[in-house]
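The values are calculated or read from the model by the stated rules, or taken from the named source; none is laboratory data. Just so it is clear, the model here is predicted, and its values are computed rather than measured. Here the Cβ is made from the backbone with ideal geometry for all residues, glycine too, and neighbour counts use every protein chain on show.
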2 protein chains.
Amino acid sequence: MGEFELIRKLILPLAGETRSAAVLLGPGDDCAIQRLPAGHDLVFSVDTLVEGRHFPVGYHPRHLGWRSLAVAASDLAAMGAEPACFSLALTLPESSQDWLGEFCQGLGEAARAFGLSLAGGDTTRGPLTLSLQVHGTVPAGQALRRSGAGVDQLICVSGTLGEAGAALDYLSVLQPSEPVRQLLTRYHRPQPRLALGQALRSRATAAIDVSDGLMADLEHILSASGIGADLDASSLPISPALRELAGDRAVALALTAGDDYELCLTMAQDDWQQLPDAVQAELTVIGRTRAQSGIDVNGLPPDTTLPATGYDHFGAQP
Amino acid sequence: MGEFELIRKLILPLAGETRSAAVLLGPGDDCAIQRLPAGHDLVFSVDTLVEGRHFPVGYHPRHLGWRSLAVAASDLAAMGAEPACFSLALTLPESSQDWLGEFCQGLGEAARAFGLSLAGGDTTRGPLTLSLQVHGTVPAGQALRRSGAGVDQLICVSGTLGEAGAALDYLSVLQPSEPVRQLLTRYHRPQPRLALGQALRSRATAAIDVSDGLMADLEHILSASGIGADLDASSLPISPALRELAGDRAVALALTAGDDYELCLTMAQDDWQQLPDAVQAELTVIGRTRAQSGIDVNGLPPDTTLPATGYDHFGAQP
């Protein structure tokens with residue numbers, strides 16, 4: 001069996017296992033065919049991951065499989081979209097059956113967890129690079145965008161921040177303590193906030209996922225909406241694990257570290273009060289929008305220094 | 001200006017220049033949004049091109065821009081789809097402004113020629129690799145597939161075959177003769193048969209684009225449909241330029257060389273006779289399907305040897 005025959009043998013079953021009614025025709029023809037619910041728009045995003053740049057050389061293939069789909073699916077969450085299917089463009093050096101098996105296992109776990117059906121793709125030989133394009137649907141006109149935030153609205157984030165970024169210091173730890181394990185899980189197995197994103201449709205005025213760091217990503221909302229923000233450092237949601245491990249650095253990590261894949265959003269005060277309890281429980285109010293551009297962070301611990309801007313997100317949409 | 005700032009500055013205008021009503025939201029948010037015509041399905045395909053594997057190292061960036069989109073769009077033609085938009089995942093080593101400018105020019109020419117709007121993408125640093133995903137639409141249920149061919153139907157191809165493959169021998173010729181120039185144009189500037197594909201909806205019983213060579217691609221139709229074929233070598237459409245340059249090798253090239261991006265399709269005899277003249281004029285009947293699997297080629301010139309199968313298409317959908 002040739003190597004690419006083997007790849008097909010390992011990857012193709014994922015298309016069957018994750019099959020959904022939305023995919024009329026999966027891999028194996030010139031194109032895949034997706035049918036959208038009537039009155040819905042297609043929402044899609046592509047993310048490329050290059051070995052040694054977006055994940056460490058020698059990164060565990062099972063984590064890579066999960067993580068690559070989670071990162072892409074997080075963009076669907078930020079639009080309030082329901083997940084439908086994805087395509088995988090996989091460029092591979094020579095690789096072992098073990099590596100491929102583990103990769104497919106992680107990818108399959110993520111596909112099933114997120115409700116994304118493998119619909120098509122391409123496999124080529126070359127330096128390890130993955131491009132995943134995820135497809136979701138939203139009722140026409142209801143997608144959350146970055147540009148809808150108004151002045152004097154609440155700024156909220158989901159979950160807790162800074163853990164995935166802090167995990168980078170512990171990637172090579174062989175016997176992690178419990179708090180370290182918690183950070184590493186945030187890095188290796190990000191959980192895109194798909195249900196939350198859908199619940200925020202027609203409630204949030206703007207949304208983005210936190211991939212590059214809270215300040216950098218919030219800045220995308222603010223500049224797209226032509227406004228600014230005041231943040232309250234003491235309100236930032238920081239886990240006990242991060243406080244224990246990072247100490248005084250926890251606030252800076254929460255503000256600037258990437259890879260958390262939480263949602264950051266804006267919402268009118270009235271809409272916040274009418275949120276279902278279960279949705280409110282997933283969110284923390286961390287500040288308010290204002291007319292003047294820029295971001296001011298109040299209540300920073302002494303000696304905290306923040307970079308002028310967050311991580312340079314050249315991975316953005318071209 | 002940072003390099004990735006420059007890339008965005010050069011690529012992003014393409015989104016505006018190629019904007020269509022189908023794209024509600026282009027690059028710059030977490031996702032792009034596409035609206036489909038009511039009663040239509042989404043048809044999509046992704047193709048990855050790796051430098052040194054799918055195009056020569058140092059390949060002219062303007063040709064690369066055109067070719068990469070044309071190759072992807074050809075999959076839409078094979079489904080009978082109307083082109084809508086595309087995404088570009090571009091992994092780049094350090095590159096000059098000249099290179100990027102030329103690449104964008106070729107890509108833009110192709111996008112306008114094919115009616116494909118740049119809707120989104122991702123730009124990353126790494127070894128030169130492109131993944132383009134093209135989106136088209138078809139009236140629900142009318143997409144052409146590989147699996148619909150019946151027994152005793154006509155096998156047709158569009159245009160002429162073998163020229164792009166023959167061009168590989170001339171890529172480094174500095175002052176090409178007129179017939180060589182014609183071959184090189186077929187290689188550098190493939191023309192996906194988009195209008196023809198749409199005209200064949202509800203007429204052709206199966207279709208595929210000739211990317212890997214006629215026999216290899218026809219075999220995909222035949223195996224998906226559970227049948228075989230008899231081809232007539234003397235019917236193969238071969239251009240005067242290829243006859244002049246390749247002599248006795250022309251027939252073998254027409255049967256096995258890739259990169260032509262013509263359509264190969266099957267059709268009932270009755271439907272052939274009712275084709276509009278303009279559509280018939282673009283096609284050549286080269287054989288008939290049969291119940292017995294495999295492909296027999298009748299009337300081969302003496303001493304013609306064909307490989308047992310065509311080029312190993314590991315670039316197929318995984």
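With the condition kept exactly as written, say whether any residue in region B:134-150 is assigned to a helix (DSSP H, G or I) and loosely packed, with under 15 Cβ neighbours inside 10 Å. Step through it out loud before you land on a result.
Initially, region B:134-150 is screened for residues assigned to a helix (DSSP H, G or I), giving none.
No, because not a single residue in region B:134-150 is assigned to a helix (DSSP H, G or I) and loosely packed, with under 15 Cβ neighbours inside 10 Å.
Please go through region A:66-95 and give me each residue that is surrounded by fewer than 24 Cβ atoms within 10 Å (Cβ to Cβ) and within 14 Å of A:GLU17 (Cβ to Cβ), ordered by number.
none
Would you say A:LEU49 is in contact with a helix residue (DSSP H, G or I) (Cβ under 7 Å, 6 or more places away or on another chain), touching a residue at least 60 places away in the same chain (Cβ under 8 Å) and aliphatic (A, V, I, L, M)? Full working, then the answer.
Working: in contact with a helix residue (DSSP H, G or I) (Cβ under 7 Å, 6 or more places away or on another chain): yes; touching a residue at least 60 places away in the same chain (Cβ under 8 Å): yes; aliphatic (A, V, I, L, M): yes.
Judged against the criteria, A:LEU49 is a match.
Going through region A:11-45 one residue at a time, which ones are surrounded by 18 or more Cβ atoms within 10 Å (Cβ to Cβ) and either over 26 Å from the mean Cα position of the chain (by Cα) or more than 7 Å from chain B (Cβ to nearest Cβ) (or both)?
A:LEU14, A:ALA15, A:THR18, A:ALA22, A:VAL23, A:LEU25, A:GLY26, A:GLY28, A:ASP29, A:ASP30, A:CYS31, A:HIS40
For region B:149-158, state whether one or more residues are in contact (Cβ under 8 Å) with a residue 40 or more places away in the chain and among the charged types (D, E, K, R).
yes
What is the residue count in region A:91-136 for residues that are under 18 Å from A:GLY52 (Cβ atoms), in contact with a Pro (Cβ under 8 Å, 6 or more places away or on another chain) and not aliphatic (A, V, I, L, M)?
The total comes to 8.
I'm trying to understand the selection: among the residues of region A:210-249, which are of a type in the set (Ser, Thr, Tyr) and in a loop (DSSP other than H, G, I, E, B)? Reasoning before the result, please.
Residues of region A:210-249 that are of a type in the set (Ser, Thr, Tyr), as a first pass: A:211, A:223, A:225, A:234-235, A:239.
The answer is A:SER211, A:SER239.
Of the residues A:THR284, A:THR305, A:THR256, only one is farther than 24 Å from A:THR185 by Cα and in contact with a helix residue (DSSP H, G or I) (Cβ under 8 Å, 6 or more places away or on another chain); which? Show your work before the answer.
Working: A:THR284 fails: farther than 24 Å from A:THR185 by Cα; A:THR256 fails: farther than 24 Å from A:THR185 by Cα.
The match here is A:THR305.
Of the residues in region A:109-125, how many are within 13 Å of another protein chain (Cβ to nearest Cβ), surrounded by fewer than 24 Cβ atoms within 10 Å (Cβ to Cβ) and either in contact with a helix residue (DSSP H, G or I) (Cβ under 6 Å, 6 or more places away or on another chain) or not polar (S, T, N, Q) (or both)?
Of the residues in region A:109-125, 2 are within 13 Å of another protein chain (Cβ to nearest Cβ), surrounded by fewer than 24 Cβ atoms within 10 Å (Cβ to Cβ) and either in contact with a helix residue (DSSP H, G or I) (Cβ under 6 Å, 6 or more places away or on another chain) or not polar (S, T, N, Q) (or both).
In region A:260-318, which residues are assigned to a loop (DSSP other than H, G, I, E, B), at pLDDT 95 or above and not hydroxyl-bearing (Ser, Thr, Tyr)?
Here is the first cut: in region A:260-318, the ones assigned to a loop (DSSP other than H, G, I, E, B) are A:260-262, A:268, A:274-276, A:281-282, A:291-293, A:299-318.
Then keep just the ones that are at pLDDT 95 or above; that gives A:260-262, A:268, A:274-276, A:281-282, A:291-293.
Once the filter is applied, which keeps residues that are assigned to a loop (DSSP other than H, G, I, E, B), at pLDDT 95 or above and not hydroxyl-bearing (Ser, Thr, Tyr), region A:260-318 yields A:ASP260, A:GLU262, A:ALA268, A:GLN274, A:LEU275, A:PRO276, A:ALA281, A:GLU282, A:ALA291, A:GLN292.
Could you please let me know if A:SER172 is under 19 Å from A:VAL43 (Cα atoms) and either within 14 Å of chain B (Cβ to nearest Cβ) or more than 15 Å from the chain's Cα centre (by Cα) (or both)? Break it down stepwise before answering.
On the way: under 19 Å from A:VAL43 (Cα atoms): no; either within 14 Å of chain B (Cβ to nearest Cβ) or more than 15 Å from the chain's Cα centre (by Cα) (or both): yes.
So A:SER172 does not fit the description; no.
Take the conditions buried (at least 24 other Cβ atoms within 10 Å of the Cβ) and acidic (Asp, Glu) and apply them to B:ASP98. Does it pass? Walk me through it before giving the result.
Numbers: buried (at least 24 other Cβ atoms within 10 Å of the Cβ): no; acidic (Asp, Glu): yes.
It is false that B:ASP98 is buried (at least 24 other Cβ atoms within 10 Å of the Cβ) and acidic (Asp, Glu).
Does A:ARG62 satisfy the criteria of being farther than 15 Å from A:TYR261 by Cβ, basic (Lys, Arg) and within 8 Å of chain B (Cβ to nearest Cβ)?
Values: farther than 15 Å from A:TYR261 by Cβ: yes; basic (Lys, Arg): yes; within 8 Å of chain B (Cβ to nearest Cβ): no.
Answer is no for this residue.
In the list B:THR129, B:THR160, B:THR205, which residue meets the criterion of being in the same structural domain as B:LEU25 (by TED's automatic domain parsing) and surrounded by 17 or more Cβ atoms within 10 Å (Cβ to Cβ)? Write out each step before concluding.
On the way: B:THR160 fails: in the same structural domain as B:LEU25 (by TED's automatic domain parsing); B:THR205 fails: in the same structural domain as B:LEU25 (by TED's automatic domain parsing).
Step by step, each of B:THR129, B:THR160, B:THR205 is checked, and only B:THR129 is in the same structural domain as B:LEU25 (by TED's automatic domain parsing) and surrounded by 17 or more Cβ atoms within 10 Å (Cβ to Cβ).
Residue check: is B:ASP98 in a strand (DSSP E or B) and either assigned by TED's automatic domain parsing to the domain that holds B:ASP248 or charged (D, E, K, R) (or both)?
Judged against the criteria, B:ASP98 is not a match.
Is it fair to say A:LEU161 is outside any strand (DSSP E or B) and either in contact (Cβ under 8 Å) with a residue 24 or more places away in the chain or within 13 Å of another protein chain (Cβ to nearest Cβ) (or both)?
Values: outside any strand (DSSP E or B): yes; either in contact (Cβ under 8 Å) with a residue 24 or more places away in the chain or within 13 Å of another protein chain (Cβ to nearest Cβ) (or both): yes.
Here the answer is yes, as A:LEU161 does meet what is asked.
Take the conditions at pLDDT 95 or above, more than 7 Å from chain B (Cβ to nearest Cβ) and closer than 14 Å to A:LEU130 by Cβ and apply them to A:SER87. Does it pass? Please lay out each step first, then the result.
Working: at pLDDT 95 or above: yes; more than 7 Å from chain B (Cβ to nearest Cβ): no; closer than 14 Å to A:LEU130 by Cβ: yes.
Answer is no for this residue.
Just give me the residues in region B:138-172 being of a type in the set (A, V, I, L, M) and closer than 18 Å to B:SER225 by Cα, in sequence order.
We begin by selecting, within region B:138-172, every residue of a type in the set (A, V, I, L, M); these are B:138, B:140, B:143-144, B:149, B:151, B:154-155, B:157, B:161, B:164, B:166-168, B:171.
Passing the criteria: B:ALA143, B:LEU144, B:ALA149, B:VAL151, B:LEU154, B:ILE155, B:VAL157.
Pick from B:ALA250, B:ALA166, B:ALA233: which is in contact with a Leu (Cβ under 8 Å, 6 or more places away or on another chain), among the small types (Gly, Ala, Ser), within 25 Å of B:VAL297 (Cα to Cα) and surrounded by fewer than 21 Cβ atoms within 10 Å (Cβ to Cβ)? Steps first, answer last, please.
Details: B:ALA250 fails: surrounded by fewer than 21 Cβ atoms within 10 Å (Cβ to Cβ); B:ALA166 fails: surrounded by fewer than 21 Cβ atoms within 10 Å (Cβ to Cβ).
Only one candidate qualifies: B:ALA233.
Taking the condition closer than 25 Å to B:THR129 by Cβ, modelled with pLDDT of 95 or more and within 14 Å of chain B (Cβ to nearest Cβ), does A:LEU194 pass?
On the way: closer than 25 Å to B:THR129 by Cβ: no; modelled with pLDDT of 95 or more: yes; within 14 Å of chain B (Cβ to nearest Cβ): yes.
Against the criterion (closer than 25 Å to B:THR129 by Cβ, modelled with pLDDT of 95 or more and within 14 Å of chain B (Cβ to nearest Cβ)), A:LEU194 does not qualify.
Going by the conditions given, is B:ARG181 in a helix (DSSP H, G or I) and surrounded by fewer than 20 Cβ atoms within 10 Å (Cβ to Cβ)?
On the way: in a helix (DSSP H, G or I): yes; surrounded by fewer than 20 Cβ atoms within 10 Å (Cβ to Cβ): yes.
Yes, satisfied.
Would it be correct to say that B:THR123 is touching a residue at least 60 places away in the same chain (Cβ under 8 Å) and either assigned by TED's automatic domain parsing to the domain that holds B:ARG201 or hydroxyl-bearing (Ser, Thr, Tyr) (or both)? Walk me through how you get there before you give the answer.
Details: touching a residue at least 60 places away in the same chain (Cβ under 8 Å): yes; either assigned by TED's automatic domain parsing to the domain that holds B:ARG201 or hydroxyl-bearing (Ser, Thr, Tyr) (or both): yes.
Spelling it out, B:THR123 is indeed touching a residue at least 60 places away in the same chain (Cβ under 8 Å) and either assigned by TED's automatic domain parsing to the domain that holds B:ARG201 or hydroxyl-bearing (Ser, Thr, Tyr) (or both).
What residue, of B:LEU100, B:LEU128, B:LEU76, is under 22 Å from the mean Cα position of the chain (by Cα) and more than 7 Å from chain A (Cβ to nearest Cβ)?
Values: B:LEU100 fails: under 22 Å from the mean Cα position of the chain (by Cα); B:LEU76 fails: more than 7 Å from chain A (Cβ to nearest Cβ).
Just a single option satisfies the conditions, and that option is B:LEU128.
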